[in-house]
Every structure is written in structure tokens, then in C-alpha cells.
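The values are calculated or read from the model by the stated rules, or taken from the named source; none is laboratory data. Owing to the predicted nature of the structure, the values given are computational and were not obtained by experimental measurement. Neighbour counts are summed over all protein chains in view; Cβ atoms, including those assigned to glycine, are modelled from backbone coordinates with ideal geometry. Side chains are part of the model used for accessible areas, which takes the heavy atoms of the whole protein and leaves out ligands, DNA and RNA. Shrake-Rupley method; radii C 1.70, N 1.55, O 1.52, S 1.80 Å.
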Amino acid sequence: MNPHVILRVVAKMLIPLIALFAFYVQFHGDFGPGGGFQAGVIFASSIILYALIFGMAAAKKAMPPSWVRIGMSLGVLLYGGTGVATWLLGGNFLDYTRFAPESTHAAGQHWGIFSVELGVLCTVACAMLAIFYAFGSRVQDLSDEDW
Amino acid sequence: MHLSPVLFLNIGLMAMLIVVAIAVVRMRSLFAIVMLQGVYSLLSAVWFVSLDAVDVAFTEAAVGAGVSTVLMLGAMLLTDRDVKPIATKQKLGPLLVVIVTGVAMFYAIGDMPAYGDGMSPANAYIGAEYIEATKREIFLPNVVTAVLASYRGYDTFGETVVIFMAGLGVLLLLGLNGNAGQWRAKPNGRNIAKNVTPPRKHIEEAEEKPKVKKTRKAAKPRVRKKS
Amino acid sequence: MSSISHILPSWVLTHGPALLVVLPLLMAVLVALLPSKNTGAEKIAWMAVLSTAIICAFIAFGILGQVVSHGPVKYAMGGWEPPIGIGYYIDALSAPILLLITLIAVLCTLYALPSVVAEIEPKKRSPFYAAFLVSFAGLLGMVATGDAFNVFVFLEVSSLSTYVLVAMGASRDRRALTSAYKYLMMGSIGATFFVIGIGFLYMQTGTLNMMDIARILQDVGPDSRVVKLAFVFIVVGLGLKLAMFPLHTWLPGAYAYAPSFVTAFLAATATKAALYLLLRFGFTVFDPSWTFISKFFMYLLAGAGILGMLIASLQAIFQNDIRRVLAFSSVAQVGYMLLGIGMTTTLGLTAGYLHMLNHAMMKGALFLAVGAFWYRFGITQVSDMRGLGKTMPLTMAGFTIAGLSLIGVPGTAGFVSKLALVRAAAENGWWWAVGVIVVTSILAIIYIGRLIEQAYFQPAPKQGAATVAKNEAPMIMLIPLWILALSALVFGIDAEWTTGLAEAAAHVLEGGPILNTPPLSGGH
Amino acid sequence: MTLEIIQLVVSGAFLISGVFFVLAGAVGVLRLPDFYTRMHAAGMTDTLGAEFIIFGLMVQAGFTQTSLKLFLIAFLLFLTSPTASHAVADAAHHAGLKPLLGKFRAPNPAEVKANKVEKH
């Protein structure tokens, strides 16, 4: 029997909750404390927890390292792309008002902030995972004495 | 002088921070140091809450106490469990720098605006303007998000690039699957230099002491086009 | 120059300042996305880097043209006018440095194609190019911005990528890792000091826009201790970045073990960008006419410059590694620039700024040549340079021209700026400084002469029975080397253009704090 | 009026019992002789003490969003803190830390089984 059965069971319950909380922090960032940075870190920590409990190989199956590399870049692209889109719409770099210039309640700003924060989430989560994978993969396995 | 409980709370937190910091410096066991750094982050997160900087506190708790502890542990597992003692002579220089910096900061205290002064420049000028303008121009309840993502969105773009670069740097130096570079650079022509590098073994011993022995792949023969 | 601003579409010119920084950043991300297993990817990556650098060079030319003809260029990020938002502000002080960085980047990228193949692991090449682009964009961002905190952000962007780039030299020499670590530590301390200084400035002024800070500081006056402390922290932080004499310890290791084209790029641009920031903060944000600032410049900065010139030149003589010789010489050359700035006179500032531009050219050429020596023969030590005059004549000739310019032989760019410096010192009555310049020039003759003597007056080494055959560096490495070496000659014979740029920059610096801030749109 | 009094009393009771457990845990950590017993006391602080305090706060908050959030926190604490205590104790056990034992020895399950087999 696996000695960490309690940890496994509890982690199985917690990991989806942590990931969900990350999205709460992400999308609630406009109203309360939070935003892309924090959400990205929390999301990464949910996968790191998975890797700690179920092993690196399982985590890499769930979130392949190649995705991590792509996700890291896509986040910055999304952020920069928002700026490029505002350029194409005729504004300055990152001038979100151009997304909805007629709006009376700054909808353009809301769209811009939304997309930008999503980019931050993507980059932060993937960069954290990249660092974790890089360090974690060099140790063959976390043995019990390492705890 | 009015003594509020918050003042005592702040003093207590600061005292704890100092104690933890000194403990980190004095410790030899890397494991304990990493754990204490997590404690330090958590304490500073609490302190940030008491300073009404909830967003900062949130970040500190998530990054400092959460992920970075795990990452530091992962890094620690690759090296040693203990720090070698440092000679007192080598400590003097950094100590001097720290003391001078600290004294310099105390020197400026006299001319700093009082804590929480509503009329201080940092609170009255652009800070107040942000609070006003967010209501008028962005319609978001959280001013911090408005400043971070819109007014100073370009800074955040830069910070995102910093994080991207950190990930890319790790990818370059370690590789995502932990296969650090065994590849050796060779000049394109004939090597006529007598002493190119000191014996490899020598440096590696000083640099890293992997506790967990890993089977290392032999360096692959390089395939290179003639140029 | 103005003709180039006509070629570029007006949209590019309007958004040029932002495009200059954002384009390399986005290209870096795209390059990082390239598949690493495919060998064709590195060619695509190289093409992307080269085209980005060329486009940026054109934009920088256009901006310089605009600055010269119409005055400072401004750009409001996100459409938020500063001080609410982040504003870019490019004037005659920063535009030449932007142009310098982009041109050096173009030349180094050309050179990089063969050199990266020899030095970097195949699957790491496209991310490596991406890191180079990030570093390039970071340097441009530092120079183009008019916002104090944005400077810090881009300082971090460029530093972080530079640490990685330096560490990538590990596949050649494992000491690159420890050097990069040392650089990381010193650089982080420098960045922390800088941001503490910015924090103090914000505490005192409540704003982060440089011109706005300058305006409010005029009201605050020089007596506030917070302002004094902010100044000291910013100067120390930038001093670490620009390798001011006692804070230069990271530089020799970082330059000696980084991949060759990275060394050339860094030596020609990174310290220059930091030096620009020192000028920007010291002269146009703070008021140089305040006693403590002028005293600080005169005693500490000029003093550090003089000490650096003497000690680093002496150290350079005793180095065995060619790149360490050149690295210590860089510290000494930074000393020349600091001496010029420390005089705070028109002539001194012009000389310092001119030396900054000229030094970038000649140090770039020198490091490119040293990289070519390694590329063909694996040479890193001075003693191994024997017979290079015969085995690599063209490369060595380029090296020699740049080396002579570094010494300050008449007819080279180095002579022009050293003469200007001597003239400025004489005008100031600093005869001892003139003496030090002469002494360090003699020291430069010794350390450069040592290299040239090895190359031309020693026989080529034998391998087996035969002497080593002639093996010139490939054309694509020679071209950038010779462009830089020739520019060191051309600007030595006809220095009108560079001197004009330096004079314009000195004019900006002399004007003191730049105050023309539009009032806030809000109710204040 | 009466509802408020009930609310006050109930939440007060919860808070006081929470504080009691926290105090008991703190005293226990200081007074108990070895790692495992201290772990037991510390686990008490985290789980029972914190839970009771949160329940007290929930009663104070009434039927609002705050009390829902508090409930979620209580739920997460209920899951995590016993697990954390377990993980720490388990790690200590694996690392070979022997509990400090008095005269009474807990029977080793394997030996008990072996004895039973022998008897039959």
C-alpha cells in the first residue's frame, strides 16, 4: 500500500479547488485584490502540488513541458498582441479605449484589462512551472528522506 | 501620544521579521533557511495587510511563501543540505555595506512625511489622481488593477517579459527536463591554444556537489556543417 | 539623416519610440516559440533577429533625425499622458545612444551566425537568440523611457537576459557560470539600490515621470535629506551597472567568459546605457547646480574615474586572458567618461559623451576580433596570439586599428575624444587630470602593445612539423569587425558628425532639469 | 432583539471554546515532552481551535457572503490541517524519530499478529 494514501486522497480533493480558486482570483481581480500574477502563481502551485504528491512523470503527463514553453511565450504574445491590436485600431500602444471608443462605461478598458491579465496569468503560471520542472527533473525522485 | 493596537501589531510583526532574518543569517541548515524564508514571507504578507496593501500581501503570500519555497527546496535538493561556514573576514565587507545602507536610511527619516499622512506627496498627487480618474475613466472598483493593467500597463508588460525571461533562462541553462548542457564548444578551425580551460574536474568539484547521483549521458558527437 | 525620416512612413515615426522596444520584445517571444529540434529553426531565428535589428536601426535613425530637426520626441503609452501614464521621451541625449545600440546590434547579429554555431548547443540556439533580443529591447527601453520606474523595469529586463547570455558561455568555459552568478548578485544589488532611490524620489515628489520629478524637486529644493539619499542610492545603483571603479568587480569575469558576440554587444552597449541613465538622472532630473550634487560629481565621480583609469589600466597589463585585458581596459575607459562628466563643464560633458560613442565602436571591434581568434584557433590567452598577424592577417589588422584607436593614436576616434578630454581638463585647470590621461594612455600602449607584439613579431606556432596555416575568419565575421574598425578611423579623421551629436547632448545636459510638464488633466 | 442575543451567545461560546483549544495547543507545544505529543497539541490548534473561531465568526456574520467565504475557509482548514499534521508526523516517523515512551509499550501490530498466529 502506498504510504502517502492520506496525502493522495486529500490532494485529489484540493487540487481542483486550488485551480478553481486561481480562476476566481483572476476574474475577480477587477473587484477585489488579485489579478494575473497571483492567479498564475496559484494555478502553478496546484500543478506543483500534483507533481509533489503523484510524481514528476504524472505531472508532466498532465501538463507537458512543451506546453509550458509555448504557454510562457503565448502569455507575452497575448499582452503584446493587445498592444498591437490597439495600434491597428489607430491608438497608442496599449490604448484600450480603442476597443470600444463609443462606450460610456469604458468597456474598451475592461476588454483590454481582461486580455492583458489573461496574458499575465499564462506567462506567470507557465514560467513558474518551467522553473519547477527544470529543478525537479534533475533530481531523479523525491525520496522519503528528503522530506 | 495615541497608542493604537495596530501600532503594537506593527511593532510585533517588525520584531518577528527581524528575528527571522537574523535566524536565516545564522542558520547553517539550508532546509531550515528555506523554511524560515517562507515564514519571513508570510510575516511580511501579514504586515502588508496591516498597511492596507492587500494586493501586495496576496502576491507575497502566494509567491514568497508558496511557490518560491517549493522552488527553493527543489534547488536545494540539487546542492548541499548545509552551508559551509564563512570566514569572519569575508563577512565584514557585506556587513559594512548593510550598516552604511541602514544608517543612510535612518538619516533620511527626519525629512520623510509621516506614515499615513494624507497630504504627503505620495498620497496627495498622482495617487489621489489615480483614485479619482479610475472612477471617471475606467469604472473599476479595484484601483490597483486599473493602475497596474491600464495606467501603468506598459510596466506590467515589462514585468511579464521579466518573468518570461526567467522561464526562458531556466530553459536555456537547465532545460525543462533537467538535462543541463554537456555539449562542449569547439573552435571551428584547428585548436592551437595550449591551455584552453583548467581541468574540468577541478572546477566542477568547486561548483556543484550533486548528492543524488545521476546517470549522465555521454556528450553526443556533434554534427556541424562546414562553414 | 533627414532623408531616412522621409523614407519611413509617418505612422512608424509617430509610434517609433514604442515600436523600437516592442518589436524586439515580440520578436523575441516568436523566436522562443520556434521548435528547438529543427536545425532550420536557428537560421530563421537569426534572420528574425537580424531583420528586427535592422528595422530598429532605421527607426532609431528616423527618431534621431526628428530629434535633430524638431526637438524631443514624446510618446504616451496607453494614450495616458504623463504623469498619469508612462511617457517616452527621447531627446538629443538619448537618441544617439539608441542609434548606437541598434547599429551595434545589427553588426553583432551579422557576426553571430557562425560564432553561435561554434559556441552554443544546437537545440538552445533559437532560445538563445530570443534572450539576445530581450536584452536588446531592454537596453533600448532603458534609454527611450521618460519614466523613472519604467527605467527600472527595463533595467531588469535587460539585466536578467544578460545574466543568462553570460552564463551560456559555459559550453566553452565552465567559469562562465560563476561569473554569471557574480554578475547576477552584483547586478541585483545595483538594481535594488536603484529602485530604493526611485522609491525615495516617489516619497518626496509623488510622481514617477522624470520631468515631473524634476519640476517638483525644484520646489522641494536641495535641502531635503530624502532627495539627497535618493540621489546617492540611484548613483550607486547605476554605478554598479556601469562598472564604476570600485564597483566593477563583476565585469572582467562576465566579459571574459560570455559567448564572443555577447561580449562584444555588452561591452559596446550595456555600460553605455547605464552611463546614459547616470547622465539623465544626475543632470536632467536632479539639478546639477545644487551644491551636494556638483560636489558629488566633482569629487566622487571624477575621483572614481581617475582611480579606475589608473588601477584598471595597471591590472589590464598583468592579465593573461585577452578578453580580461580588454575588460579591465573597459573599466579604465569608463573612468575617462566619468572624468569628463565629473568636470560638469560643456567641454567635459562633450568629451565624456564623445568618448562613450567612440569607445563603443572600438571596444566592439576589439571583442569581435578576439571572438574570431577563438573561432578559428581556440585562442583565449595572450601567449597563444603568436603569429596571428600571419595566420589571420585581416582580422588582426582590424584588431590593430581598433587597438590603436583605444590607445589614442592621432587619426583615430580615440584620439579625438582623448584630445577633447585633455582640452576640457586644461580649461578646468585640472592639470593633474591631464597627467593621468597621458599616463593611462602610456599604460594602454603597454597592454595593447603586448597583444600586437605577440601577433606580429612572434613566429606562428608549430603544430606537428608544419606551422599553422593561414586561416582567415569567415567573411560574415570580418565585415562587422571591419565596419567598426573603419568607423573608428573615419570618425577619427572627420569627427564632425559625432562631435556634433556629443555637443547637442552636452547642450541638453547643460540646460539642467527638463521641466516642461503639461499640468494634470484632473482637478489639481 | 432575542435573535441578536442568541447570535451573540452562540458565537461567543464558539469563540471561547476556540480560544480554549488554541491556548491548550500552545501550552501543549511548550509542555509536552517529545515531537509526536507536541505535534498532537499543535494539530489541535490548527484544527479545532481555528474551526471553532471561524464558526464563531460565521455566526456573527449571519447569512451573508462573508459567512459563505468563512465556511469555505473552514472546509479547507478541515481538510488541510489534519493532513499537514499527518504528513509532518509521518515524515518524522519515516526519518526514524522514535517517540519518547514511558513504561507502557504500545504493542507492535506485526508482533501482535504473530502472537495471535502462535496462539492458534
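Each of D:Leu97, D:Ala42, D:Phe21 was placed along the dipole of the stretch D:2-119 (beta-carbon charges, centred on the mean Cα), and the one lying farthest toward the positive end is D:Leu97.
Could you check how much of the accessible area of chain A is carbon and sulfur, as a whole percent, using a 1.4 Å probe? The partial results should precede the final answer.
Numbers: 4410 of 6320 Å².
In chain A, the share of accessible area belonging to carbon and sulfur is 70 percent.
Please label the shape of the stretch C:36-90 as rounded, prolate or oblate, based on the square roots a ≥ b ≥ c of the eigenvalues of the alpha-carbon gyration tensor (a/c under 1.5 means rounded; beyond that, a/b larger than b/c means prolate, else oblate).
On the way: a/c = 6.69, a/b = 1.92, b/c = 3.49.
Oblate, since a/c reaches 1.5 and b/c is not below a/b.
Using C-alpha pairs under 8 Å with a sequence gap of at least 6, the mean separation divided by the residue count of the stretch C:302-511 gives a relative contact order of 29 percent.
About the Cα centre, and with charges only on the beta carbon of Lys, Arg (+1) and Asp, Glu (-1), how big is the dipole of chain C? Nearest 20 debye, please. Each step should come with its number before you reach the end.
Values: 28 positive and 21 negative charges, 305 e Å.
With only Lys, Arg, Asp and Glu charged at Cβ, the dipole is about 1460 debye.
Cα convex hull, the stretch B:40-105: 116 Å³ per residue, rounded to a whole number. Label positions at C:Thr14 and C:Leu307, each projected 7 Å from the Cα along the C-beta direction, are separated by 5.2 nm.
Over 18 Å apart at the Cα level, from the set B:Lys84/C:Lys241; C:Lys390/C:Lys470; B:Lys91/C:Lys182, are B:Lys84/C:Lys241.
Sparsely packed loop sites in the stretch D:6-81 (the chymotrypsin sites (Phe, Trp or Tyr not before Pro) outside DSSP H, G, I, E and B with at most 11 other Cβ atoms within 10 Å) comprise D:Phe63. Enclosing the Cα atoms of the protein assembly as shown in their convex hull gives a volume equal to 210 cubic angstrom per residue.
Put a plus charge on the Cβ of each Lys and Arg, a minus charge on the Cβ of each Asp and Glu, and nothing anywhere else: the dipole of the stretch A:38-147 about its Cα centre is then about 300 debye. With helices as the sole contributors, chain C gives -24500 deg cm²/dmol at 222 nm; each DSSP H run of n ≥ 4 counts as -39500 (n - 2.57), and the sum is divided by every residue. Remark: C-alpha extents of the stretch C:387-453 on the principal axes read 48, 19, 10 Å, sorted largest to smallest.
Taken one residue at a time, the phi angles of the stretch D:38-54 give Karplus couplings (6.51, -1.76, 1.60, θ = phi - 60°) of 5, 4, 4, 5, 5, x, 4, 4, 5, 8, 5, x, 5, 4, 4, 5, 5 Hz. Gly and Pro are set to x.
Within 10 Å of each candidate Cβ there may be at most 14 other Cβ atoms; applying that plus a DSSP loop requirement, which trypsin sites (Lys or Arg not before Pro) in the stretch C:408-513 survive?
Numbers: sites: C:Lys418, C:Arg423, C:Arg450, C:Lys462, C:Lys470; in loops: C:Lys470.
Taking the stretch C:408-513 and a limit of 14 other Cβ atoms within 10 Å, the loop trypsin sites (Lys or Arg not before Pro) found are C:Lys470.
Give me the base-10 log of I(q)/I(0) for the stretch C:325-410 at each q in 0.13, 0.19 Å⁻¹, Debye formula, one uniform scatterer per Cα, rounded to two decimals. Debye output, listed in q order: -0.48, -0.84. Scaled against 2.2 N^0.38 Å for its residue count N, the alpha carbon radius of gyration of the stretch B:1-86 is 1.26. Modelled this way, with points 7 Å down the Cα-to-C-beta line, the labels at A:His105 and C:His507 are 5.4 nm from one another. Does the stretch C:299-340 come out rounded, prolate or oblate, given a ≥ b ≥ c as the square roots of the eigenvalues of its C-alpha gyration tensor, rounded meaning a/c under 1.5 and, failing that, prolate meaning a/b above b/c? Since a/c reaches 1.5 and a/b is larger than b/c, the shape of the stretch C:299-340 is classed as prolate. Averaged over peptide A:66-73, the number of partner chain Cβ atoms lying within 10 Å of each residue's Cβ comes to 5. Of the Cα atoms belonging to the stretch C:444-486, the radius of gyration and Dmax stand at 13.9, 37 Å. The stretch C:219-273 and the stretch D:1-47 have Cα centres separated by 55 Å. Taking the Cα centre of the stretch B:125-181 as reference, the dipole from Cβ charges on Lys and Arg (+1) and Asp and Glu (-1) amounts to some 100 debye. Pairs from the list C:Lys37/C:Lys124; B:Lys186/C:Lys124; C:Lys363/C:Lys418; C:Lys74/C:Lys228 with a Cα-Cα gap above 19 Å: C:Lys74/C:Lys228. With a/c under 1.5 counting as rounded, go ahead and sort the stretch B:125-181 into rounded, prolate or oblate using the C-alpha gyration tensor (a ≥ b ≥ c being the square roots of the eigenvalues; past the cut-off, prolate if a/b is larger than b/c, else oblate). Prolate is the answer for the stretch B:125-181, as a/c is 1.5 or above and a/b outweighs b/c. In this simple spin-label approximation, D:Ala87 and B:Ile131 carry label points 7 Å from Cα along the Cα→Cβ vector, and these lie 4.1 nm apart.
Hey, could you get me the Stokes-Einstein D for the stretch C:46-199, Kirkwood radius over alpha-carbon pairs, 25 °C and 0.890 mPa s, rounded to whole µm² s⁻¹? Walk me through the numbers on the way to the answer.
Values: Rh = 16.9 Å.
Here the translational diffusion coefficient equals 145 µm²/s.
Chain A packed on chain B takes about 4500 Å² of accessible surface away from a 1.4 Å probe, both sides summed.
Counting pairwise Cα distances across the stretch A:5-146, what percent come out greater than 22 angstrom?
Working: 4838 of 10011 pairs.
Beyond 22 Å sits 48 percent of the P(r) for the stretch A:5-146.
Computed over chain A, the per-residue total of -39500 (n - 2.57) for DSSP H runs of n ≥ 4 gives a 222 nm mean residue ellipticity of -25000 deg cm²/dmol, rounded to 500. Entry note, chain A: relative contact order of 27 percent, from Cα contacts under 8 Å with a spacing of 6+ residues. Each 10 Å bin from zero holds the following percent of Cα-Cα pairs in the stretch D:2-119: 13, 29, 26, 17, 10, 4, 1.
Measuring max minus min along each principal axis, the C-alpha atoms of chain C give extents of 85, 58, 45 Å (largest first).
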